Amino acid sequence: MRRRNTRMQYRLGSALLLCLLAAPVARACGACGCTLNSDWASQGYALRPGFRADLRFDYFNQDQLRTGTRTVDGSAFALPSEQEIQRETLNRNLTLTLDYSPSADWGLSVALPTYHRSHGTVAEGDVDPSYSDGRGLGDVRLLGRYQGFSEDHAFGLQAGLKLATGGTTQAFSGGPQAGQPLDRGLQLGSGTTDLLLGAYAFGDLAQDWGCFAQVLFQKPLAEKDGFKPGDGVNANAGLRYTGWRGLTPHLQLNLRAEGRESGPNADVENSGATLLYLSPGLTVDVNRAFQVYAFAQVPLAQRVTGLQIEPRWSLSLGLHWTF
């Protein structure tokens, strides 16, 4: 048992080290959304063959204007302004994830996101806000995993693609900018196919205490219509207590980072950030095949490039089935 615990601590330490090394070299955009890892939160990484389904709702309202590491009073800007002053972006996202494991070693997941995103902003040179309300399919993600490196399957690698399935032609529906295209960073999709590469480790720290660490890198492979998102990384680490029957509390640290956008249609000056969140949550076992989970997420540290809006908190609710 001691040798197994030592191996587990080494794997977790390696994964956490990857997370820390990744943090300073990339930045993130506020429109990217929730960083929570609900794979491990709901069922743990699958060790048995079979099908699984997960339905998750994320709610977050980006209404806090920020620059660098501090907040900014949007009402302090005289209008018209020489730069855009964003007001609010309300996100209500629903993601269906289907997962299949032919064996304990291999697995494949497909994530199908749908977005409802309401946005308000005062464009450069305007004195009145313009509005948009976008709904539809986002960018589908295909992610395979291999965790057959040891008998306990406690370490795994991930690889996959983010596909360009989300729309990129949404326009403002009201205000002075009505009919004009929305910023590319706020469209339902990026328009690009992205490479996904990751690693994770999980196991037991002590009796009734589980832990995990994960890092996932995202690399856009080409630009689309003069726009290319920045390289990104998601890094997550968490604990959960399993000593209560049917009730599992969780605590996660979530890092989302992404570089600046590029291209003639990119908002280079106001894209890119590093965001660190604390996420307490709870999973309830309804029965052996069905679980319900809920998480809140609050920022611990935020560093944005230029002028951006970020959420003060977010909420995630999910349902998980095992077949």
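Quote the accessible area belonging to E88 in square angstrom, nearest 10, computed with a 1.4 Å probe and with ligands, DNA and RNA left uncounted.
80
Taking Cα atoms of the range 137-209, Rg/Rh with Kirkwood Rh, to two decimals?
1.29
Taking only the alpha-carbon positions of the range 250-306 and ignoring solvent, what does the Debye formula give for the base-10 log of I(q)/I(0) at q = 0.13, 0.25, 0.29 Å⁻¹?
-0.52, -0.93, -1.06
Going by alpha carbons, how many degrees (0 to 90, nearest 10) lie between the helix axis of 2-22 and the longest principal axis of the chain?
10
Once neighbouring chains are kept in place and the probe is 1.4 Å, which whole percent of the accessible area of the chain is contributed by carbon and sulfur?
Here carbon and sulfur together make up 58 percent of the probe-accessible area.
Fully extended, how many nm does the chain gain between E82 and D285 (0.36 nm per residue separation, minus their Cα-Cα distance)?
67.7 nm
Could you rank D99, D225 by how accessible they are, 1.4 Å probe, largest area first?
The most accessible residue leads, giving D225, D99.
Of G136, G125, G68, which is the most mobile in a GNM of the chain whose springs link Cα atoms less than 10 angstrom apart?
Among G136, G125, G68, the largest mean-square fluctuation in the Gaussian network model of the chain belongs to G125.
Helix-only mean residue ellipticity at 222 nm, the chain, DSSP H runs n ≥ 4 weighted -39,500 (n - 2.57), per residue, nearest 500. What is it?
-2500 deg cm²/dmol
Subtract the Cα-Cα distance of T114 and Y146 from 0.36 nm times their separation in residues, and report this length gain in nm to one decimal.
Length difference between fully extended and current span is 8.8 nm.
What accessible area per residue, rounded to a whole number of Å², is obtained for the chain using a probe radius of 1.4 Å?
48
With +1 on each Lys and Arg Cβ and -1 on each Asp and Glu Cβ, and nothing else charged, work out how big the dipole of the chain is about its Cα centre, in Debye to the nearest 20.
1300
Could you tell me the relative contact order of the chain? Use alpha-carbon pairs under 8 Å, at least six residues apart, and round to a whole percent.
21
Non-local amide H neighbours of D126 (under 5 Å, H modeled in plane, Pro and chain starts lacking H): which ones?
Result for D126 returns S81.
Considering the chain as a Gaussian network with a 10 Å cut-off on Cα pairs, which listed residue, D204, D73, D126, attains the greatest mean-square fluctuation?
Comparing D204, D73, D126 in the GNM, the peak value goes to D73.
Fully extended, how many nm does the chain gain between L315 and Y59 (0.36 nm per residue separation, minus their Cα-Cα distance)?
Here the answer is 91.6 nm.
Go through the range 227-238 residue by residue and turn each phi into a ³J(HN,Hα) via Karplus (6.51, -1.76, 1.60, θ = phi - 60°); whole Hz please, and just put x for glycine and proline.
After applying 6.51 cos²θ - 1.76 cosθ + 1.60, I find 9, 9, x, x, 4, x, 8, 10, 10, 9, 9, x Hz.
Mind jotting down the distance between the C-alpha centroids of the range 193-259 and the range 128-186, whole Å?
16
Towards the positive end of the charge dipole of the chain, with charges on Cβ (+1 Lys, Arg; -1 Asp, Glu), say which of T193, P229, F155 has the farthest Cα.
F155
Kindly state, to the nearest 0.05, the FRET efficiency for A222 paired with R135, given R0 = 35 Å and r defined as their beta-carbon distance.
0.85
The values are calculated or read from the model by the stated rules, or taken from the named source; none is laboratory data. Given the structure is predicted, the values throughout are model-derived calculations rather than measurements. Positions of Cβ are generated from backbone atoms using ideal geometry, with glycine treated the same way; all protein chains shown enter the neighbour counts. Heavy atoms of the whole protein, side chains included, go into the accessibility calculation; ligands, DNA and RNA do not. Shrake-Rupley method; radii C 1.70, N 1.55, O 1.52, S 1.80 Å.
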